Amino acid sequence: MAASTSLCTDNRLILVTALISILIADDLSADQLNVLGAFLTSIGDLLALKAAQLSVAPQKNIKQQICDLEEQIKKLKESIG
């Protein structure tokens with residue numbers, strides 16, 4: 001396996017996450033863990049939603065630019081002929 005400088009591209013991120021969850025779990029009850037887990041899952045879901053919105057935004061912008069250019073071409077053709 002090639003050496004990597006990115007924390008997200010190898011197993012270190014998994015290990016850090018596992019260690020944090022073990023440390024947190026030691027001090028919380030089952031009910032508290034359920035609430036915390038649901039809360040963190042909600043944060044993760046919202047981050048994923050935001051990332052999806054950001055990846056779609058440029059596509060909408062490009063589609064709008066194409067529509068605007070098509071409208072300009074149509075107006076130019078009308079003015080010429």
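The values are calculated or read from the model by the stated rules, or taken from the named source; none is laboratory data. Predicted, not measured: the structure shown is a model, and the values here were computed from it. We place every Cβ from the backbone using ideal geometry, glycine too, and count neighbours over all the protein chains shown.
A few points about this structure:
- Candidates are the residues of the range 34-67 that are among the charged types (D, E, K, R) and either modelled with pLDDT of 90 or more or under 30 Å from Ile20 (Cβ atoms) (or both); the one that is farthest from the chain's Cα centre (by Cα) is Asp45.
- Checked against (1) surrounded by fewer than 10 Cβ atoms within 10 Å (Cβ to Cβ); (2) in a helix (DSSP H, G or I); (3) at pLDDT below 90, Asp31 passes all but a single condition, namely (3).
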